[in-house]
1. For the pair ASP83 and THR53, how long in nm is the line joining their label points, each one 7 Å along Cα→Cβ?
2. Assuming 0.36 nm per residue, please report the length gained on full extension of the stretch VAL186 to VAL118 beyond their Cα-Cα distance.
3. According to a simple spin-label model (label point 7 Å from Cα along Cα-to-Cβ), what is the distance in nm between ASN63 and THR102?
4. For LYS115, give me every one of the lysines with a C-alpha distance below 22 angstrom, ignoring sequence neighbours fewer than eight places off in its own chain.
Amino acid sequence: MNPRRRPPVRAALVLLVGVLALLVAPPARAHSDLEGSSPKAGSTVTSAPEAVTLTFGEVIRGNFSTVVVTGPDGVAYSDGKPDAVDTTLTQPVKPLVTGEYTVAWRIVSADGHPKQGVFRFTADVPAAPSPSAPPSAAPTSGPAVAQVPSASPAAAERSTDGGGTSWLPWAVSGVVAVLALAGAAVLARSRRAS
């Protein structure tokens, strides 16, 4: 065999052994992939859950795990730290409002590998009653009580800026007057010059 042909033959053999090793090697063990969630990714819930639960393929380390649930208003709805039990991670949440929620999670599996991901779900829940003063009872007898109508929002806006746009006609009139005087002065000068 020609000595000059040995290096390419060796390279080809090394390459062939590498390819065979990849084909015969057992599949790599998957790390803690997200296998399910409650609420499910892409789902719509009609009753507000008290927690978001994530289920993984392996045991996870709870002290290194985070879950952030962000609501349609951009506010975080996560309530405290998540609780990890074996392959399940549970994140308590504040009362949800209607809209789309983003769940961003990051975990560390038992073998020390970090994993993270994001999914969304939608809440279509009844509006929570807002805390307000109890309605006052209308008088049932006696003289009628006159009620003063409240100002409209537009009127309220005008009253806070010192009269709204009432200065606009005066400003336009002033500009027109200045332009008229300037035009008259130019016209008078051109007549004197001729």
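1. Distance between the two pseudo-spin positions: 1.1 nm.
2. Gain on stretching VAL186 to VAL118: 17.4 nm.
3. Taking the simple label geometry, THR102 and ASN63 are separated by 3.1 nm.
4. Answer for LYS115, where 22 Å is the Cα cut-off: LYS40, LYS81, listed by chain and number.
Every number in this text was worked out from the coordinates using simple rules, so none of it is lab data. The structure displayed is predicted, hence computed values, not measured ones. Heads up, the Cβs are rebuilt from the backbone with ideal geometry, glycines too, and the neighbour counts pull from every protein chain shown.
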